[in-house]
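Contents: one structure, followed by commentary.
Bear in mind these aren't lab numbers, they're just calculated from the coordinates by the rules spelled out. Treat the numbers as computed from the prediction; the structure is a model and nothing was measured. Ideal geometry is used to build each Cβ from the backbone, glycine not excepted, and the neighbour counts take in all protein chains shown.
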């Protein structure tokens, strides 16, 4: 049996992406809570040894560290032939959505969420306007990518859905609103039996 340990925190959408993928895939894994609000040097020694950047998520697969959420999602799909990794077409779709998320909607939403967090970073109003405008463009692109299907991978969710879910789960906290198509997708994602609240994925030790 493959040994899977995921270093993460409930406030990290990137860690939530990987936790959701592992759970949807039905893999046996265990969380390792890391305080991302603490100084990096104070984080657990095992985590620091695994993560050169001292950032979550890090997925340990049989003792080997895998970093960067998008790369981890692609590794899960291809290694375990799941969540799109069952076919070349599904894996190609997964890579496309994962990389789109990282460059687009996964860039603006974390910044908007942080800007509106109590005690969060201060952004110039012009920057907030730009981020909100970018989200509007990305939201429209999401609708085209979904194209009337239940999930971004079609009838069932894949790694692309997990990637987008990472921060779309916090639209309210980011101060933006979904399109009707995105709202329906969010409802279907929340209804998945393997779906969990971030705090359930990463309970504090």
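A few comments on the model shown:
- Measuring nothing but how far apart in sequence close Cα pairs (under 8 Å, 6+ apart) lie, relative to its length, the chain scores a relative contact order of 27 percent.
- Two-site FRET efficiency, residue 1 against residue 79, from Cβ-Cβ distance with R₀ of 22 Å, rounded to 0.05: 0.95
- Gaussian network model of the chain, springs between alpha carbon atoms under 10 Å - residue of 183, 140, 126 with greatest fluctuation: 126
- Order of 182, 107, 1 - criterion: other Cβ atoms within 10 Å of each residue's Cβ, fewest first: 1, 107, 182
- Note on residue 190 and residue 42: the extension gain reaches 49.9 nm, defined as 0.36 nm multiplied by sequence separation minus the Cα-Cα distance.
- Note on residue 64 and residue 200: with the Förster distance fixed at 35 Å, the Cβ-Cβ geometry gives a FRET efficiency of about 0.85.
- Nitroxide proxy distance, nm - points 7 Å out along Cα→Cβ at residue 156 and residue 183: 3.0 nm
- Most mobile of 127, 164, 98 in a GNM of the chain (Cα contacts under 10 Å): 127
- Cβ-to-Cβ counts within 10 Å put 190, 196 in ascending order as 190, 196, the fewest first.
- Overall shape: oblate for the chain, with the ratio a/c of the largest to smallest alpha carbon gyration tensor axis at 1.5 or above and b/c at least equal to a/b.
- Convex hull of Cα atoms in the range 88-190, direction-averaged projection (nm²): 6.2 nm²
- Figure legend: label point modelled 7 angstrom from the Cα of residue 118 along Cα→Cβ; residues of the range 155-191 with amide N under 15 Å from it are 173.
- Taking other C-beta atoms within 10 angstrom as a stand-in for reagent exposure, 91, 59 fall in the order 91, 59, fewest first.
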